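As structure tokens, the structure follows; a few thoughts come after it.
The values are calculated or read from the model by the stated rules, or taken from the named source; none is laboratory data. Worth saying up front: this structure is predicted, and the values here are computed from it rather than measured. Cβ placement follows ideal geometry from the backbone for every residue including glycine, while neighbour counts extend to all protein chains displayed.
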Amino acid sequence: MTTVKLSLRARVTFQDPAVEVEVPIGITLLEAAMTSGTMEVGSCGGNSKCGGCHVRVEEGAQYLSTATEREEAQLEEVFDARQSSRLACQARIIAGGDIVVRRVSPG
């Protein structure tokens, strides 16, 4: 008999400087960042309106929710958006795994 252990937590590493935090599934990358002290809520209060929490997901995108139309519209307005870009306030952790993100400084 094979036992499969499902993780109810995810490990998120924020780069520059590297800070690793283990968090429960169901929270956003912004909430994970706030627990580690690497990011604060932007001027919009985490409502996908300011782009202040723009990050690039370097690993583990499959463990995150898909971007909504609202998030994608806001990403069109942020500095240096790429295919790996997400708003940390909108990217929800949906499965256990290793996630690596890098915050993007406004241009």
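Quick notes on this one:
Every residue, every condition in (1) assigned to a loop (DSSP other than H, G, I, E, B); (2) more than 23 Å from Ala10 (Cα to Cα), yes or no:
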{"site": "Leu30", "(1), (2)": "no, no"}
{"site": "Ala33", "(1), (2)": "no, no"}
{"site": "Glu40", "(1), (2)": "yes, no"}
{"site": "Gly46", "(1), (2)": "yes, no"}
{"site": "Val57", "(1), (2)": "no, no"}
{"site": "Arg70", "(1), (2)": "no, yes"}
{"site": "Gln74", "(1), (2)": "no, yes"}
{"site": "Asp80", "(1), (2)": "yes, yes"}
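- The set of residues in segment 86-102 that are part of a loop (DSSP other than H, G, I, E, B) and within 18 Å of Gln74 (Cβ to Cβ) comprises Ala88, Cys89, Gln90, Ala91.
- Given (1) of a type outside the set (Val, Ile, Thr); (2) surrounded by 18 or more Cβ atoms within 10 Å (Cβ to Cβ); (3) at pLDDT below 95; (4) farther than 15 Å from Val104 by Cβ, index of the condition Leu64 fails: (3)
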